[in-house]
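Below: the structure, in structure tokens.
The values are calculated or read from the model by the stated rules, or taken from the named source; none is laboratory data. Everything quoted here is computed from the prediction, not taken from an experiment. No Cβ is skipped: glycine too gets one built from the backbone with ideal geometry, and neighbour counts run over all protein chains shown.
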2 protein chains.
Amino acid sequence: MKFDELLMIPGPVQVHSRIINAMARPTIGHRTPDFSEIMQRCTEGLRELFGTDGDVYIISGSGTAGMEAAISTFSKVKKITCIDNGKFGDRLCRIASKYTEVDAIRFEWGKSIELEKIERSLEGGSEAVAFVHNETSTGILNPAREIARLAKKYSALVIMDGITSVGGDEVKMDEWEIDVAIVGSQKCLGIPPGLAAVAVTEKAWEFYNDKAPFYLDLNAYRKKLKDWQTPYTPAVPLFFALDEAIKMIYEEGLENRISRHRRFSKAVREWAITAGLELFPELNEYSNYSNTVTAIKLPAEISDKELRGTLKEEYGITISGGQEHLKGKIFRIGTMGNIGKREVLSTLAAVEDVLMRKGAAKPALNVAIEILSG
Amino acid sequence: MKFDELLMIPGPVQVHSRIINAMARPTIGHRTPDFSEIMQRCTEGLRELFGTDGDVYIISGSGTAGMEAAISTFSKVKKITCIDNGKFGDRLCRIASKYTEVDAIRFEWGKSIELEKIERSLEGGSEAVAFVHNETSTGILNPAREIARLAKKYSALVIMDGITSVGGDEVKMDEWEIDVAIVGSQKCLGIPPGLAAVAVTEKAWEFYNDKAPFYLDLNAYRKKLKDWQTPYTPAVPLFFALDEAIKMIYEEGLENRISRHRRFSKAVREWAITAGLELFPELNEYSNYSNTVTAIKLPAEISDKELRGTLKEEYGITISGGQEHLKGKIFRIGTMGNIGKREVLSTLAAVEDVLMRKGAAKPALNVAIEILSG
């Protein structure tokens, strides 16, 4: 028998039964008051998660579609500074290079960014900064507030990929002076993949460039939002899911939700350290460990295939390996979305079991239990 | 009490319970063999619906995303001829103008296209032709085979928007020498909106232009297809739906399915004529009525709001009005996807009832019943 599986990766995340059931209803016409009601609730709910009074545009597509919509729509800049300290930072650079000149500020994956280098780029005439808030490929939380503060000193536009932080960690766009931010559906929001949302402050429109792709030009979304509609046919079942997910987020309370995410990732980190493992990120004074995914160095005693293969086969649990050149060097445990202590603890117990068989870890579950119980 | 609704519009279509239920399962990781199996079945199933041995790339996004992916990826042409005899032809022109010079050949919406004008455009140095096969905004089936034949005389690339024909009407890409074609999920395939697929023959790659948007560059999809993967996180629940939908299509048999769609649209047309109504399209020797949607002139005795409002309120049936300048001038009944005689007949009976109250139609259901029963 094949048991139900548990997804503990940094997205797509485990989907709560309430959200699965929300999708399981007949499609409705998208040019109807029924759809507009859903659209309005989703938009207003997301606005609060982003911490903005600005508009939020929901795109049917992956997080990458959201990144490209944000960058291409607001690309009326001579040069953009793109910060790369992981796979998604690298993706930002590659997308931006299609639309304007890019000053790519690269740091070794897993290393923290140095604000001094960003400032030098801004001094060099860059008019915008794009960065990833929570870099899932390395488990680092980049210093959003500090980057924005620096950018504003030079009146630069600030675009933040919040794909894996919004809805799970603290994001305060308006307070931090972030002009544009992006979230993906299959991360902290807890719904399946297929939607991205871009939050946009009025300020950002000064950088509007009509050279964006037709499908991703946010001006079309802005026009339609007045009637709580989308310019192109939306992925209706995912809007049903988002509607339910937002309801669940406010039932839990955003503050509680953020505390829960922080508690869960802390439990994973402290467990790892006590078990004798090493966390992958190298922090500096500005950066932090991610509160939604933990990246841990793979011990020499075990291969990636042995660890993740056994977990999947024996326990039905999926965790992530490293991406690109980090393959076989790290493993990553996502703790995003609508999961409880049960899912976190069973994952750590299973990982510990598999590692201990190889003599690659010491028992450390008590530490996790204590933190999880808050 | 609010009854379950019936969607009889040219997409999104009514979704069969089997497909709704297929979506209602936990999300799976998209970088897994489980997902690749689904991806392979979907791709191979679609290939047959397109009538091609070429690749099929599945994009998470609406049909418009598919159109832009097709046009932008294969835009290494000095000039493209875009045929516009309806809303979606117009959209093709607007998308193409972002990537190359467009020779827009426009016909009044509802009128048939004239091949002579296409030929003159090709003589004028156009290197590609893009057109809509089944123009849902007007209910016309454009002559795909003849357009392609003409284009090939000038060695031009042929891009066909088959969003509302593939899976419901005859499409034979390879035989007709169509190089690139697009389908949308929420039309004849019978699943909810949120996916588009683009079929591409080897020949098309001679026109590859790396200026496509990052998210829509089909070369990234091509590279990942070798491992039955997508380059960016796919809308997993919609892949579950597509997998089930393709299974259903082959259970019915593609030939039977096409015959059914033709029978259903013929029933609507003959009913309309017998009821004293007038079909909207003006055909010439090359064009045909659409086999998936029927556009009918709105009788003077009734307003669009009265007709569609009463249908929705009393019967829970949604049909479409006209788009753009055709608002209030026509109404449209979609007969796409996994519906039976029951849905078609109940729709016609309801429309007839509402029209007859205004003295705007004569009884004609018997004609429909006869045709539906084949």
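Could you check the stretch B:189-207 and list, in sequence order, the residues that are more than 24 Å from residue B:232 (Cα to Cα) and touching a Ser or Thr at 6+ places or on another chain (Cβ under 6 Å)?
Within the stretch B:189-207, no residue meets the criteria.
Filter the stretch A:106-124 for residues that are assigned to a helix (DSSP H, G or I) and not basic (Lys, Arg); which is nearest to residue A:219 (Cα to Cα)?
Among those that are assigned to a helix (DSSP H, G or I) and not basic (Lys, Arg), it is A:122.
Return the residues of the stretch A:303-328 that are surrounded by fewer than 21 Cβ atoms within 10 Å (Cβ to Cβ), assigned to a loop (DSSP other than H, G, I, E, B) and touching a Phe, Trp or Tyr at 6+ places or on another chain (Cβ under 8 Å); say none if nothing qualifies.
Across the stretch A:303-328, the qualifying residue is only A:316.
If only one of B:84, B:103, B:90 is free of Cβ contacts under 8 Å to residues at least 24 places away in the same chain, touching a helix residue (DSSP H, G or I) at 6+ places or on another chain (Cβ under 8 Å) and charged (D, E, K, R), which one is it?
B:84
Looking at the stretch B:6-24, which of the residues that are facing chain A (nearest Cβ under 7 Å) and surrounded by fewer than 20 Cβ atoms within 10 Å (Cβ to Cβ) is modelled with the lowest pLDDT?
B:24
Consider residue B:305 carefully, then state whether it is of a type outside the set (Val, Ile, Thr), outside the structural domain of residue B:183 (by TED's automatic domain parsing) and in contact (Cβ under 8 Å) with a residue 24 or more places away in the chain.
When the stated conditions are applied, residue B:305 does not pass them.
All but one of (1) in contact with a helix residue (DSSP H, G or I) (Cβ under 7 Å, 6 or more places away or on another chain); (2) more than 14 Å from chain B (Cβ to nearest Cβ); (3) of a type outside the set (S, T, N, Q) hold for residue A:260, so report the exception by its number.
(1) is the only condition that residue A:260 fails.
Out of all the residues in the stretch A:55-76, is one or more more than 12 Å from chain B (Cβ to nearest Cβ) and closer than 30 Å to residue A:348 by Cβ?
no
Test residue B:83 against the criterion of being under 18 Å from the mean Cα position of the chain (by Cα) and either within 30 Å of residue B:100 (Cβ to Cβ) or in the same structural domain as residue B:98 (by TED's automatic domain parsing) (or both), and give yes or no.
The answer is yes for residue B:83.
So residue A:213 passes all but one of these: (1) more than 30 Å from residue B:20 (Cβ to Cβ); (2) in a loop (DSSP other than H, G, I, E, B); (3) touching a His at 6+ places or on another chain (Cβ under 7 Å). Which condition number does it fail?
So residue A:213 meets the others, but not (3).
Within the stretch B:125-139, is even one residue in a helix (DSSP H, G or I), in contact (Cβ under 8 Å) with a residue 40 or more places away in the chain, over 19 Å from residue B:69 (Cβ atoms) and in the same structural domain as residue B:199 (by TED's automatic domain parsing)?
No, because not a single residue in the stretch B:125-139 is in a helix (DSSP H, G or I), in contact (Cβ under 8 Å) with a residue 40 or more places away in the chain, over 19 Å from residue B:69 (Cβ atoms) and in the same structural domain as residue B:199 (by TED's automatic domain parsing).
Can you tell me which residue is nearest to the other protein chains (Cβ to nearest Cβ) among those in the stretch B:77-89 that are crowded, with 21+ Cβ neighbours inside 10 Å and assigned to a helix (DSSP H, G or I)?
Per the criteria, the residue is B:88.
Of the residues A:294, A:310, A:347, which single one is among the β-branched types (Val, Ile, Thr) and in contact with a Gly (Cβ under 8 Å, 6 or more places away or on another chain)?
Result: A:294 is the single residue among A:294, A:310, A:347 that is among the β-branched types (Val, Ile, Thr) and in contact with a Gly (Cβ under 8 Å, 6 or more places away or on another chain).
Residue-by-condition table, conditions (1) in the same structural domain as residue B:368 (by TED's automatic domain parsing); (2) hydrophobic (A, V, I, L, M, F, W, C); (3) over 30 Å from residue B:300 (Cβ atoms):
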residue: B:212; (1), (2), (3): no, yes, yes
residue: B:215; (1), (2), (3): no, no, yes
residue: B:219; (1), (2), (3): no, no, yes
residue: B:240; (1), (2), (3): no, yes, yes
residue: B:243; (1), (2), (3): no, no, yes
residue: B:268; (1), (2), (3): yes, yes, no
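In the list B:132, B:171, B:183, which residue meets the criterion of being within 14 Å of chain A (Cβ to nearest Cβ), among the β-branched types (Val, Ile, Thr), surrounded by 23 or more Cβ atoms within 10 Å (Cβ to Cβ) and under 15 Å from the mean Cα position of the chain (by Cα)?
Unique residue meeting the criteria: B:183.
Residues of the stretch A:293-325 being closer than 23 Å to residue A:373 by Cβ and touching a Pro at 6+ places or on another chain (Cβ under 7 Å), which ones?
Passing the criteria: only A:293.
Which residue is surrounded by the most Cβ atoms within 10 Å (Cβ to Cβ), if the candidates are limited to the stretch A:350-374 and must be part of a loop (DSSP other than H, G, I, E, B) and small (Gly, Ala, Ser)?
Per the criteria, the residue is A:361.
For every residue, the table says whether it meets (1) among the aliphatic types (A, V, I, L, M); (2) in the same structural domain as residue B:185 (by TED's automatic domain parsing); (3) farther than 26 Å from residue B:87 by Cβ.
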residue	(1), (2), (3)
B:313	no, no, yes
B:317	yes, no, no
B:322	no, no, no
B:328	no, no, no
B:334	no, no, no
B:344	yes, no, no
B:365	yes, no, yes
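Within 14 Å of another protein chain (Cβ to nearest Cβ) and either over 30 Å from residue B:225 (Cα atoms) or buried (at least 19 other Cβ atoms within 10 Å of the Cβ) (or both): does that describe residue B:191?
yes
Condition first: crowded, with 22+ Cβ neighbours inside 10 Å and outside any loop (DSSP other than H, G, I, E, B). Now tell me which residues in the stretch B:329-349 satisfy that.
Residues satisfying the conditions are B:330, B:331, B:332, B:333, B:334, B:344, B:347, B:348.
Does the stretch B:42-53 include one or more residues that are assigned to a strand (DSSP E or B) and either within 12 Å of another protein chain (Cβ to nearest Cβ) or buried (at least 18 other Cβ atoms within 10 Å of the Cβ) (or both)?
So far as the stretch B:42-53 goes, no, none of its residues is assigned to a strand (DSSP E or B) and either within 12 Å of another protein chain (Cβ to nearest Cβ) or buried (at least 18 other Cβ atoms within 10 Å of the Cβ) (or both).
Are any residues in the stretch B:218-231 under 15 Å from residue A:62 (Cβ atoms) and either aromatic (Phe, Trp, Tyr) or facing another protein chain (nearest Cβ under 9 Å) (or both), and if so, which ones?
Those that are under 15 Å from residue A:62 (Cβ atoms) and either aromatic (Phe, Trp, Tyr) or facing another protein chain (nearest Cβ under 9 Å) (or both): B:221, B:230, B:231.
Restricting to the stretch B:285-302, what's the tally of residues that are surrounded by fewer than 22 Cβ atoms within 10 Å (Cβ to Cβ), in contact with a helix residue (DSSP H, G or I) (Cβ under 9 Å, 6 or more places away or on another chain) and not in a strand (DSSP E or B)?
Adding up the residues that qualify gives 4.
Would you point out the residue of the stretch B:205-217, among those that are surrounded by fewer than 24 Cβ atoms within 10 Å (Cβ to Cβ) and at pLDDT 95 or above, that is nearest to the other protein chains (Cβ to nearest Cβ)?
B:214
Restricting the stretch B:218-271 to residues that are touching a residue at least 24 places away in the same chain (Cβ under 8 Å) and not in a helix (DSSP H, G or I), which is surrounded by the most Cβ atoms within 10 Å (Cβ to Cβ)?
Only one residue fits best here, namely B:235.
Of a type in the set (Asp, Glu), under 30 Å from residue A:210 (Cα atoms), in a strand (DSSP E or B) and not assigned by TED's automatic domain parsing to the domain that holds residue B:329, is that true of residue B:103?
Judged against the criteria, residue B:103 is a match.
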